[in-house]
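Working notes, structure below.
Throughout, read-outs are computed from the coordinates displayed, never taken from laboratory work. Predicted, not measured: the structure shown is a model, and the values here were computed from it. Note: ideal-geometry Cβ built from the backbone for every residue, glycine included; neighbour counts use all protein chains shown.
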Amino acid sequence: MMSVLRSSNQTSIHPAYGVRSDYVLLVARVCMASVFIFSGAAKLLGWQLAIAEVEQLGVPLPWIAAVATVVVQLIGGLAIALGWHFRAAAASLAAFTFVATLVGHTFWVFDGAEFHRQLATALEHIAIVGGFLLLMITGPGRLALQSERAR
């Protein structure tokens, strides 16, 4: 059968890549998680600015939205980095990033240079969503608190 089929004691990366793939997955997880951990911590430390940012976007109940954002970013980011409840964390951060991009980077209402800036930022965020989708498929690798090798 295809090389993606595997027994429960194998990593989901093609077997030809071996143990090195676990280290690559660890680095990828830390890279993907770092922006969320930083952003969540920055919002927590600058709480009033976080609420003002949410208010400026026109999100209802900005205090609750800010709390939810910090919780998703910090817990999701740490879970990705550590490989803990990995697929749920990746799905949550993918969904969060997609929604936040639609709310925060409304490129379609701008013209000229601002249109291009907002569109580029939105596409960068959509690329992050794609990265989480890929991580959901590959799994966290063996260097994780909860190695999810079997689907």
Which whole-number percent is the relative contact order of the range 18-100 (Cα, under 8 Å, 6+ apart)?
34 percent
Separation in nanometres of the label points that stand 7 Å from Cα toward Cβ, at Leu145 and Phe115:
4.6 nm
Cα-only Debye scattering, the range 15-138: base-10 log of I(q)/I(0) at q = 0.11, 0.12, 0.13 Å⁻¹:
-0.42, -0.50, -0.57
